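No lab work stands behind these numbers, since they all come straight from the coordinates. If you're wondering where the values come from, they're calculated on a predicted model, not measured in any experiment. We place every Cβ from the backbone using ideal geometry, glycine too, and count neighbours over all the protein chains shown.
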Amino acid sequence: MTRRNSPWTTLSVRKVYGNPWLELWEERCLDPAGKPALYGRVSFRSKAVGIIPLDREEHTWLVGQFRYCLGQYSWEIPMGGSPHPAPVLDSARRELREETGLTAQRWEQILFVHTSNSVTDEEGYVFVAEDLEQGAPEPESTEDITVQRLPVREAIRMAMDGRITDALSVAGLLRLALLRGWQ
């Protein structure tokens, strides 16, 4: 596929809100038909990074926590933010250690996505981490998490049947299933 030049014309950009995690921008523009349009864009201060730890027995670790914005409990792969311009692999190593206590000798990036490209410019990365060693978790104060080790194929089933709904987790687990032939 080839890249195309933008059919949109930006007239003005105004920051509406910001906090340590994100900024909200209001953009006045002309749409592809030349009509006035108002666009809102969320820019995250970090890239999303998720990790699928995988041991020799084909088990993985999921992290469960209450997600304030959803108002419900959520099971996910270990994940967090990778501040711009930090290398995402360094952030993946940190997040895995913080949330599960695991460290890994082998890392492979298996996914790059734009998490919701109609309203945000956020990038998401998923890594598989192997040759694991267990240590003590170091969760942040905002993380009241439960860590569960389970067969990776069960985690994939959870992504398929809706028990896991986090987009980066679902995409990463399904990509891993395709790459390893675990359909």
(message) Can you work out the Karplus-derived ³J(HN,Hα) for every residue in the range 84-96? Use 6.51 cos²θ - 1.76 cosθ + 1.60 with θ = phi - 60°, whole Hz, and x for glycine or proline.
(response) 5, x, 4, x, 4, 5, 4, 5, 4, 4, 5, 5, 4
(request) Taking amide H positions as placed in the peptide plane 1.01 Å from N, state which residues far from GLU122 in sequence (5 or more) or on other chains have amide H under 5 Å from it. (result) PHE44, THR115, SER116
(message) Quick check: pseudo-label points 7 Å beyond the Cα along Cα→Cβ at HIS59 and TRP21, how many nm apart are they?
(response) 3.1 nm
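Please express the shape of the chain as an equivalent ellipsoid: the semi-axes are the square roots of 5 times the eigenvalues of the C-alpha gyration tensor, given largest first in whole angstrom.
After diagonalising the Cα gyration tensor, the semi-axes are 34, 19, 15 Å.
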(request) Highest first, please rank the peptides 5-17, 39-51 by the mean number of other Cβ atoms sitting within 10 Å of their residues. (result) 39-51, 5-17
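Would you mind calculating the gained length between GLU108 and TRP8 on full extension (0.36 nm times residue separation, minus the Cα-Cα distance), in nm to one decimal?
Extending this stretch completely gives an extra 32.3 nm.
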(request) Measure nothing but the geometry: give the 0 to 90° angle between the long axis through the Cα atoms of 152-161 and the longest principal axis through the Cα atoms of the chain, rounded to 10°. (result) 40 degrees
(request) Can you check what the net charge comes to around GLU130, using other residues whose Cβ is under 9 Å from the Cβ of GLU130 (Lys, Arg +1; Asp, Glu -1)? (result) -1
(message) I'd like the Karplus ³J(HN,Hα) series for the range 119-130: coefficients 6.51, -1.76, 1.60, θ = phi - 60°, whole numbers in Hz, and an x wherever there's a Gly or Pro.
(response) 9, 9, 9, 5, 9, x, 10, 10, 10, 9, 10, 10
(request) Please turn the phi angles of the range 99-106 into ³J(HN,Hα) values with the Karplus equation 6.51 cos²θ - 1.76 cosθ + 1.60 (θ = phi - 60°), one per residue in order, whole Hz, x for glycine and proline. (result) 7, 10, x, 7, 10, 9, 8, 10
(request) Find, among the GluC sites (Glu not before Pro) in the range 46-81, those assigned to loop by DSSP (not H, G, I, E, B) with at most 14 other beta-carbon atoms within 10 angstrom. (result) GLU57, GLU58
